[in-house]
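First the structure, in the form of structure tokens, and then the observations on it.
What follows draws every value from the coordinates through simple rules; no lab data is involved. Everything quoted here is computed from the prediction, not taken from an experiment. Heads up, the Cβs are rebuilt from the backbone with ideal geometry, glycines too, and the neighbour counts pull from every protein chain shown.
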Amino acid sequence: MSNRILVLYGSYRSDRLGIRLANFVVEGFRARGDDVELIDAKEVNLPMLDRMYKEHKKGEAPTVLETLARKIVEADGFVFITGEYNWGMQPGLKNLTDHFLEEWFWRPAAIASYSAGRFAGARAAMMWHGTLSEMGMVVVSSTISAGPISQTLAEDGKPIGDGGKALAGAFPRFADDFTWWVEAAKAQRARKKPPY
């Protein structure tokens, strides 16, 4: 049975490179038979957080929030593609994520990071781990990273060079770990309603 996976990406930059990793992850899960959708924060274009989705009266949230909330609730799991900006999180992805809370609950999340440098977004990935856990997601221990991203993935998201070979080699374990938790959470939600 196919899993419904949302891949969330947050760069607003004009010459963004992280879309390469987002496309690599989307294609990787599609090749495994999953139902995958890329949620691109720049394309969704939410305003800076004023009111969370839950702070609107029922049926009165902006259409973009209603649509995204439904997609999040219907997903079986989430993969966050995070770049590292000055040792920190991308503001676009954080802003998109913060518009919701309960909608994320009781599903696993995985983190794939990147940067232009050799640390491949590791510091941002560490920050996301705690943040996503606090937002009600189970964050899997396996991660993947690309850095320097321009030497790891081509514009079309295909692996290149030694870095690309290492990334492609790491993906199956990353996907297996994440899928195990996706299937475990699906089975538990079908067996028993979440406590809140």
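Taking a span of 20 Å or more along the helix axis (Cα atoms) and a mean Kyte-Doolittle hydropathy of at least -1.0 as the rule, the DSSP H helices of the chain that qualify are 161-191. Less than 5 angstrom separates the built amide H of residue 39 from those of 7, 8, 9, all sequence-distant by 5 or more or on a different chain. Here the residues 11, 133, ranked from fewest to most Cβ neighbours within 10 Å of their Cβ, fall in the order 133, 11. Please check the chain for the longest run free of trypsin sites (Lys or Arg not before Pro) that are loop-located per DSSP (anything but H, G, I, E, B) and have at most 10 other Cβ atoms within 10 Å. Result for the longest clean stretch: 119-191. Per residue, the average separation of C-alpha pairs within less than 8 Å and at least 6 apart gives the chain a relative contact order of 22 percent.
Fewest-first ordering of 19, 144 by other beta carbons within 10 Å of each residue's beta carbon gives 19, 144. Taken along its three principal axes, the alpha carbon spread of the stretch 4-190 comes to 51, 38, 26 Å, from the longest extent down to the shortest. Only helical runs count toward this figure. For the chain, summing -39,500 (n - 2.57) over DSSP H runs of n ≥ 4 and dividing by all residues gives -13000 deg cm²/dmol at 222 nm.
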